[in-house]
1. Just to verify a number: FRET efficiency for ILE87 and GLU31, C-beta to C-beta distance, R0 = 41 Å, to 0.05?
2. Taking 7 Å along the Cα-to-C-beta vector as the label spot, tell me the LYS47-SER77 distance in nanometres, rounded to one decimal.
3. Under a Cβ-only charge scheme (Lys and Arg +1, Asp and Glu -1), can you give me the dipole magnitude of the range 52-93 about the Cα centre, in debye to the nearest 20?
4. In whole Hz, with x marking every Gly and Pro, tabulate ³J(HN,Hα) for the range 74-84 from phi via Karplus 6.51 cos²θ - 1.76 cosθ + 1.60, θ = phi - 60°.
5. With a 1.4 Å probe and every protein chain kept in, tell me what percent of the accessible surface of the range 27-95 is carbon plus sulfur.
Amino acid sequence: MDSTDTRTVDVDGNVGHSSGQSTTNANNVKEKRKRKEVSHVWKHFVKIKKEGEEPQAECKHCGSRFMAHSHKHGTSSLNKHIRNCKILNQMKGHDGFFCHKS
């Protein structure tokens, strides 16, 4: 631990560092923290993780798949797909907002 890290202990006895890299539980086993998906694109995609493969994102509307490793790929391609998804655009009204058809 370098001088810029600060140790924290939560109510479950997990020891962490302010750098956000990992936590250490009561058995001194390092665990990576799971971050919340903050981008709006995740309203339109499902993250798919398979053993031994990089994670992918699947469009909830048309089923298209994209690489979705958070450190390598980002969300730019997912944003572009949302703008160009044919199924999603068919569901939108003329003003660009969703409309309910009866």
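1. Working from the Cβ atoms, E equals 0.60.
2. 1.7
3. 280
4. With coefficients 6.51, -1.76 and 1.60, one gets x, 10, 4, 5, 5, 4, 4, 5, 4, 5, 10 Hz.
5. Carbon-and-sulfur percentage of accessible area, whole number: 48.
The values are calculated or read from the model by the stated rules, or taken from the named source; none is laboratory data. Just so we're clear, the structure is a prediction, and the values are computed from it rather than from any experiment. Cβ sites come from the backbone with ideal geometry, for glycine too, and all protein chains shown count toward neighbours. In case anyone asks, the SASA skips ligands and DNA or RNA and just uses the protein heavy atoms, side chains included. Shrake-Rupley method; radii C 1.70, N 1.55, O 1.52, S 1.80 Å.
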